[in-house]
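The values are calculated or read from the model by the stated rules, or taken from the named source; none is laboratory data. A quick note: this is a predicted structure, and the numbers were derived from the prediction, not measured. Heads up, the Cβs are rebuilt from the backbone with ideal geometry, glycines too, and the neighbour counts pull from every protein chain shown.
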Amino acid sequence: MPRTTLIFGANGGIGTALAQIFVENGDQVWAFSRAGTRIAGAQNVVVDPMDGTALKAQLAQIDVPIDQVVVATGGLHDAAGRGPEKTLRALDADYMQAMFTANTMVPAMIARQVLPALPRNRRSVFAALSARVGSISDNHLGGWHSYRASKAALNMLIRGFAIEMARTHPQHICLGLHPGTVDTDLSRPFQANVPEGKLFTPAQSAQYLAKVLERAQAGDTGKCFDWAGKEIPA
Ligand SMILES: NC(=O)c1ccc[n+]([C@@H]2O[C@H](COP(=O)([O-])OP(=O)(O)OC[C@H]3O[C@@H](n4cnc5c(N)ncnc54)[C@H](OP(=O)(O)O)[C@@H]3O)[C@@H](O)[C@H]2O)c1
């Protein structure tokens, strides 16, 4: 039986590439997004994951066990075009709220609905795209306060969800993933300083991430890994 994979943010740069790879790998793919996608071979589901009732109704349509859920939503700029803060003086409550919604609350609200629905008697994976800059111990540069904090909070949620899931779903693996620096709308304004060869195409990053997901084991649950499968410290 093909593996069932749900991908959220499936219209984003990395989300689209991930959905395509999972289709190529033979998975049965449900591609969730707010705007809709056209990924050949995937079921296109249009839903705002912050609308709990609508999300629940869409998930209820999936009548096969879910093996894998990947959340590729997130943001670095808000609707007003504001980007990451260089100093604490630049902190803005609206921007901060947008970062916590996109990077922390959206994955959390998806997890709230899908984690309890995962099968208890077999391996399952929930992975949310985080970022290396969400590591507290690795923060030696400062700046990007809201984005960093929203990803650090996401990493904490992943840890908490992993602990809770281990009680009922012993084969479940809950992960944060750093995709590398990837050529998408999100990173475009910051690509100038990326060293040669370090800017991945979405397809490249998705390929690396798919391998990390493939190799993940129960002992990895609650942790964050980069595209190369290396653990990122909390
Ligand atoms: N690109 C990089 O270099 C890089 C590096 C480190 C980490 N990441 C992380 O990787 C993830 C994907 O990034 P990307 O580069 O693929 O960005 P992207 O192309 O801008 O895609 C972002 C996706 O998130 C969705 N999204 C944003 N805000 C949302 C909200 N409030 N509710 C629901 N969906 C929302 C977008 O959907 P809409 O079209 O509906 O807005 C879109 O599908 C993010 O979590 C990002 O932080 C990226």
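What the table below lists for this structure:
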{"item": "Single residue of 172, 145, 140 found to be farther than 18 Å from residue 70 by Cα, at pLDDT 95 or above and in contact with a Leu (Cβ under 8 Å, 6 or more places away or on another chain)", "result": "145"}
{"item": "Matching entry among 89, 82 (being over 20 Å from residue 221 (Cα atoms), among the charged types (D, E, K, R) and in a helix (DSSP H, G or I))", "result": "89"}
{"item": "Hits in region 180-194 (condition: in contact (Cβ under 8 Å) with a residue 12 or more places away in the chain and farther than 23 Å from residue 79 by Cβ)", "result": "180, 181, 194"}
{"item": "Subset of region 176-197 (residues that are surrounded by 13 or more Cβ atoms within 10 Å (Cβ to Cβ) and more than 9 Å from the ligand (Cβ to nearest atom))", "result": "176"}
{"item": "Scope region 126-145; condition of a type in the set (Gly, Ala, Ser) and under 18 Å from residue 213 (Cβ atoms); matching residues", "result": "127, 128, 130, 131"}
{"item": "Residue that is farthest from residue 158 (Cα to Cα), among those in region 206-234 that are among the acidic types (Asp, Glu) and surrounded by 12 or more Cβ atoms within 10 Å (Cβ to Cβ)", "result": "226"}
{"item": "Selected residue (criterion: nearest to the ligand (Cβ to nearest atom)) from residues of region 41-55 that are of a type outside the set (A, V, I, L, M) and surrounded by fewer than 21 Cβ atoms within 10 Å (Cβ to Cβ)", "result": "48"}
{"item": "Residue check, residue 111 small (Gly, Ala, Ser), outside any loop (DSSP other than H, G, I, E, B), buried (at least 20 other Cβ atoms within 10 Å of the Cβ) and more than 10 Å from the ligand (Cβ to nearest atom)", "result": "yes"}
{"item": "Residues located in region 29-40, provided they are assigned to a loop (DSSP other than H, G, I, E, B) and either in contact (Cβ under 8 Å) with a residue 24 or more places away in the chain or buried (at least 20 other Cβ atoms within 10 Å of the Cβ) (or both)", "result": "35, 36, 37, 39"}
{"item": "Filter result for residue 143 (more than 14 Å from the ligand (Cβ to nearest atom), of a type outside the set (S, T, N, Q) and touching a residue at least 40 places away in the same chain (Cβ under 8 Å))", "result": "yes"}
{"item": "Residue match in region 11-28 (condition: in a helix (DSSP H, G or I), of a type in the set (Ser, Thr, Tyr) and near the ligand (Cβ under 10 Å from one of its atoms))", "result": "yes"}
{"item": "Residues (away from the ligand (no atom under 12 Å from the Cβ) and either buried (at least 24 other Cβ atoms within 10 Å of the Cβ) or not in a loop (DSSP other than H, G, I, E, B) (or both)) located in region 114-140", "result": "114, 115, 116, 117, 124, 125, 126"}
{"item": "Inter-residue pairs, beta-carbon under 8 Å, first in contact (Cβ under 8 Å) with a residue 12 or more places away in the chain and closer than 20 Å to residue 60 by Cα and in region 115-129, second aromatic (Phe, Trp, Tyr) and within 16 Å of the ligand (Cβ to nearest atom), 6+ apart", "result": "115/126; 118/126"}
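Conditions tested, residue by residue: (1) under 25 Å from residue 214 (Cβ atoms); (2) at pLDDT 95 or above; (3) surrounded by fewer than 19 Cβ atoms within 10 Å (Cβ to Cβ).
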{"position": "5", "(1), (2), (3)": "yes, yes, no"}
{"position": "64", "(1), (2), (3)": "yes, yes, yes"}
{"position": "69", "(1), (2), (3)": "yes, yes, no"}
{"position": "78", "(1), (2), (3)": "no, yes, yes"}
